[in-house]
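The structure appears below as structure tokens.
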Amino acid sequence: MKKSVTKYCIGVMSGTSLDGIDLVHTKIEYKNNTYSFDIVHSETISYTNEWKSTLKNGFHYTAEKLAKLDAEYGIFLGNTIAAFIKKNNIKNLDLIASHGHTIFHNPAQKYTLQIGNGPYISAITGVKTICNFRVQDIALGGQGAPLVPIGDQFLFSNYDYCLNIGGFSNISLVQNKQRIAFDICPANIVLNHYVNRLNLAYDDKGLIASEGKCENNLLDKLNALPFYTESKPKSLGFEFVEEVIFPIIDTYQLSTKDILRTFVEHIAVQIGKKVVSNSQKTMLVTGGGAYNTFLVNRIQFYTKTKLIIPSKSIIDYKEALVFALLGFLKDENQINCLKSVTGAHKDHSSGIVFTCN
């Protein structure tokens, strides 16, 4: 790469927990072999109940209906980003990098699908748009995920561990001088599913879970799932939750607060198993789960590692920020996907570029 590069990018992220669309307008600079960033504008656009239901049910759609949804969601993303640009009077903008919304992710069967990708976003905004970051990695024998660890390596390398607790929990660390990362277990995608029964979007600070009772038989069954002992790299999709997790939980016919309490313990146990318990080591905790005080306390119970809860902008927008970095790297034809993380045959520069000049 050139000695010095500066780009203004918008990173766009929609997570499986369906909290909304995270948008970050950031200045990313490469200078003296070091990357730095400055978040200029950021916003989360909450989904309407209709969009939440549609995206959640997309997993069950026919091919034709899913193709229609892909177009509709792409238009929705394009209009949402255009409104963000107008609202913040953004003049400096080199590219948009969008993750899209994951409907399917099954690398073992060689497929993944993120809807709402590029052409519509580029056409509506008039800005170069980079998306579809997972497909090439799967074609190269990788998991297509997680993708955020390149950001951990370039932007957050001062932490021993980078833990994200979103729809799924995943972790990134350096092992044998290589960055590795993997999905640990489902997280908010399960907690939110059950708290929705109480007409709540999420369990604020984990207060409802904290009042529940841990069902140890269910906890043991969850902890015994084969995924947790499979070798890395590995990643999870909604298929695992729909086909494995929900059926196990639902056989126990527990109250909502007992389900939440038990699953919080499950998340904490699984995270604890992946971390060296050492008070000298630090772990950055981001994603919506960082606000779940009860969950964070249970994670701390299973490890002496120092948990670092960063600023709200990093908790909320780290993933969108890293997708801006992925776009920056792709635009410079630099590696943005690490074989040590995904298990692909080689490091590569992933993503598809759309322009409407």
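The values are calculated or read from the model by the stated rules, or taken from the named source; none is laboratory data. Bear in mind the structure is a predicted one, so any value in this text is a computation, not a measurement. In this analysis, Cβ positions are derived from the backbone assuming ideal geometry, glycine residues included, and neighbour counts consider all displayed protein chains. Remember, those area values only see protein heavy atoms, side chains included, never the ligands or the DNA or RNA. Shrake-Rupley method; radii C 1.70, N 1.55, O 1.52, S 1.80 Å.
For this structure, a couple of remarks:
- Taking F76, F263 and ordering them by how much accessible surface each has at a 1.4 Å probe, largest first, produces F76, F263.
- Sequence of R298, R197, R179 from largest to smallest accessible area, 1.4 Å probe: R197, R298, R179
- In segment 90-235, the convex hull through the Cα atoms has an average projected area of 12.8 nm², a quarter of its surface area.
- Taken per residue, the accessible surface of segment 176-249 reaches 49 Å², heavy atoms only and a 1.4 Å probe.
- Rolling a 1.4 angstrom probe over the protein heavy atoms with all chains in place gives segment 303-352 an accessible area of 37 Å² per residue.
- The modelled label-to-label distance for the pair S349/F301, using points 7 Å beyond Cα in the direction of Cβ, is 4.9 nm.
- Accessible surface of segment 13-93, 1.4 Å probe: 47 percent of it comes from carbon and sulfur atoms.
- Fluctuation leader among S311, S279, S231 - the chain, Gaussian network, Cα springs under 10 angstrom: S231
- Across the alpha-carbon set of segment 50-116, the Rg to Rh ratio works out to 1.07, Rh being the Kirkwood radius.
- Taking θ as phi - 60° and the Karplus parameters 6.51, -1.76 and 1.60, the scalar couplings of segment 111-119 work out to 9, 8, 9, 10, 8, x, 8, x, x Hz in sequence order, x denoting glycine and proline.
- Remark on the chain: ratio of C-alpha radius of gyration to 2.2 N^0.38 Å is 0.95.
- If the Kirkwood radius is taken over C-alpha pairs of segment 164-321, then at 4 °C and 1.567 mPa s the Stokes-Einstein diffusion coefficient equals 81 µm²/s.
- Amide H contacts for A97 (H built 1.01 Å from N in the peptide plane; partners 5 or more residues away or on another chain; cut-off under 5 Å): I10, G11, V12, I130.
- For I308, nonlocal amide neighbours, meaning residues 5 or more places apart or on other chains whose placed amide H falls under 5 Å from its own, are M283, L284, V285.
- DSSP bridge orientation in the chain - percent antiparallel, rounded to nearest 5: 75 percent
- Amide hydrogen neighbours beyond the local backbone of G351, cut-off 5 Å, H modeled: Q136
- In sequence order, calculated HN-Hα J values of segment 140-146 (Karplus, 6.51, -1.76, 1.60; Hz; x Gly/Pro): 8, x, x, 7, x, 5, x
- Heavy-atom accessible area per residue - segment 52-152, 1.4 Å, Å²: 41 Å²
- Placing unit charges on each Cβ (+1 for Lys and Arg, -1 for Asp and Glu) gives the chain a dipole about its Cα centre, and among Y30, I75, H60 the Cα reaching farthest toward its positive end belongs to Y30.
- Folded to 0 to 90 degrees: helix 293-302 orientation relative to the chain principal axis, Cα: 70 degrees
- GNM on the chain, alpha-carbon springs under 10 angstrom: the most fluctuating residue among D94, D204, D258 is D204.
- To the nearest 10, the accessible area of F238 is 40 Å² with a 1.4 Å probe.
- Contour minus Cα-Cα distance for N278 and Y252 (0.36 nm per residue): 5.8 nm
- Stretched out straight at 0.36 nm per residue, the stretch from K213 to S157 would grow longer than its current Cα-Cα span by 16.4 nm.
- Residue pairs exceeding 31 angstrom between C-alpha atoms, taken from K273/K346; K86/K205; K128/K274; K7/K177; K2/K339: K86/K205; K128/K274.
- With eigenvalues of the C-alpha gyration tensor scaled by 5 and rooted, segment 230-282, Å: 26, 18, 7
- Segment 53-66 - phi-based ³J(HN,Hα) in whole Hz, Karplus 6.51/-1.76/1.60, Gly and Pro as x: 5, 5, 5, 5, 8, x, 4, 9, 6, 6, 4, 5, 5, 6
- Choice from L113, L147, L338 showing the highest fluctuation, given a GNM over the chain with Cα pairs closer than 10 Å: L113
- Surface composition of segment 103-161: carbon plus sulfur atoms contribute 49% of the solvent-accessible area (1.4 Å probe, protein chains only, all chains present).
- Taking max minus min of the alpha-carbon positions on each principal axis, segment 1-103 gives extents of 50, 29, 21 Å, largest first.
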